[in-house]
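A.B. asks: Mind looking over this structure? Questions follow.
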Amino acid sequence: MDLKGRHFLKLLDYTPEEILYLVDVAADLKEKKKKGVPVDVLRGKNIALIFEKTSTRTRCAFEVAAHDLGMGTTYLDPVASQIGKKESIADTARVLGRMFEGIEYRGFGQDIVEEIAKYAGVPVWNGLTNEFHPTQMLADLLTIKEHFGRLSGIRLTYLGDARYNTGNSLMVVCAKMGMHFTACTNRKYYPDEALVKTCQEIAAKTGGSIHLTEDVNEGASGADVVCTDVWVSMGEPAEIWEERLRDLSPYQVNAKVMALADKGAVFMHCLPAFHDHNTGIGKEIGERYGMAELEVTDEVFESAQSLVFEEAENRMHTIKAVMLTTLGGVVEDT
Ligand code: CP
Ligand code: NVA
């Protein structure tokens, strides 16, 4: 499998075999990291990390992974670069492509990361756009595979805002990997119809399925993996909270939802999560609307079924696999 020179913009661009290969390379890199085996095979290379939205996991994962691979990193924060303000996306991409061997972009429209990829001349990796969050998906797949020993046939139910990056991407990846995806939410938050259709066509070939429902009993029953995400994403206006709480509160992941799921079910969340009042926004919104927790209860978040921190760790190993393979690094036994 040769992914050298490829961009990593969305998983629709990758075959199931390529996705599985990336997950398996990540598992191998994880094992090497645990054993202290160095993999600094990309020594001398440098990458740029453009973040037009904030981040904890994605930025740290890219930086640690790059350093483990022997590479240097330059971080451009949401205000420090000229991108889009004094310099066009195309010009920025052409400048950075002359200095760096790879570019990560986190920001707004998918069209922006696609445009950077068109002009950069080096591999470009999507670190989250409004539409997709592909590196998160590899971490989720690795976590599911580690836990269940397989991907094919796994029933994954996503509750909450299913028409944004995480919901869209989970639907795509389930279709690709022969998994059964259910979006369980208010129909206002169903994923885009065209994307649903595309995913149904993919699922028809892989043995997976795509199902949308507003009924929590139907959506959560028998799920192996229960997933959610924040109800208001980065870049959305604060005024939207009231409407979101009204629409999405019935889809909170709580003990009742987990009881409907399979008895061996796990809980996953890309994080950050509002599961208590220990965050500025969680406290403010929680107090204003009288909610102790938002998209997931603290009980579920802290339960033995919760894999959220394994999932967060796996961001680093999977991002390392993406950079290693697309930059053409060779590691023995992968
Ligand atoms: N899950 C995720 O992308 O987290 P960050 O926003 O902290 O990068
Ligand atoms: N949907 C969330 C994901 C955060 C990792 C957001 O875009 O803010």
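A.B. asks: Ranked by Cβ crowding within 10 angstrom, fewest neighbours first, how are Val79, Val122, Val225 ordered?
C.D. replies: With the sparsest Cβ surroundings first, the list reads Val79, Val122, Val225.
A.B. asks: Please compare each pair in Lys176/Lys320; Lys10/Lys30; Lys53/Lys145; Lys85/Lys197; Lys10/Lys205 to a cut-off of 26 Å on the Cα-Cα distance and tell me which ones are over it.
C.D. replies: Table pairs above 26 Å Cα-Cα are Lys53/Lys145; Lys85/Lys197.
A.B. asks: According to the square roots a ≥ b ≥ c of the eigenvalues of the Cα gyration tensor, what is the shape class of region 148-196, taking rounded for a/c under 1.5, prolate for a/b larger than b/c otherwise, and oblate for the remainder?
C.D. replies: prolate
A.B. asks: To continue, here is another question. Run the numbers on region 118-189 and let me know its relative contact order in percent, using alpha-carbon pairs under 8 Å that are six or more apart.
C.D. replies: 32
A.B. asks: Placing +1 at every Lys and Arg Cβ and -1 at every Asp and Glu Cβ, with all other atoms neutral, what dipole size does region 122-179 have around its Cα centre, in debye to the nearest 20?
C.D. replies: 200
A.B. asks: Suppose every K and R has +1 on its Cβ and every D and E has -1 on its Cβ; what is the size of the dipole of region 242-311 about the Cα centre, in Debye to the nearest 20?
C.D. replies: In debye, rounded to 20, region 242-311 gives about 180.
A.B. asks: Among Val216, Tyr105, Ala48, whose Cα sits farthest toward the positive end of the charge dipole of the chain (+1 at Cβ of Lys/Arg, -1 at Cβ of Asp/Glu, about the Cα centre)?
C.D. replies: The Cα lying farthest towards the positive end belongs to Ala48.
A.B. asks: Please get the size of the charge dipole for region 52-101, origin at its Cα centre, with Cβ charges of +1 on Lys and Arg and -1 on Asp and Glu, quoted in debye to the nearest 20.
C.D. replies: 160
A.B. asks: Cα axis of helix 308-326 to longest principal axis of the chain: angle in degrees, 0 to 90, nearest 10?
C.D. replies: Helix 308-326 sits roughly 30 degrees off the main axis of the chain.
A.B. asks: Please report, largest first and rounded to whole Å, the three semi-axes of the ellipsoid equivalent to the chain, where each semi-axis is the square root of five times an eigenvalue of the C-alpha gyration tensor.
C.D. replies: Largest first, the chain gives 31, 23, 19 Å.
All of the numbers you see were taken from the coordinates with simple rules; none came from a lab. Computed from a predicted model, the values in this text were never measured in an experiment. Reconstructed Cβ throughout: ideal geometry from the backbone, glycine too, with neighbour counts over all protein chains shown.
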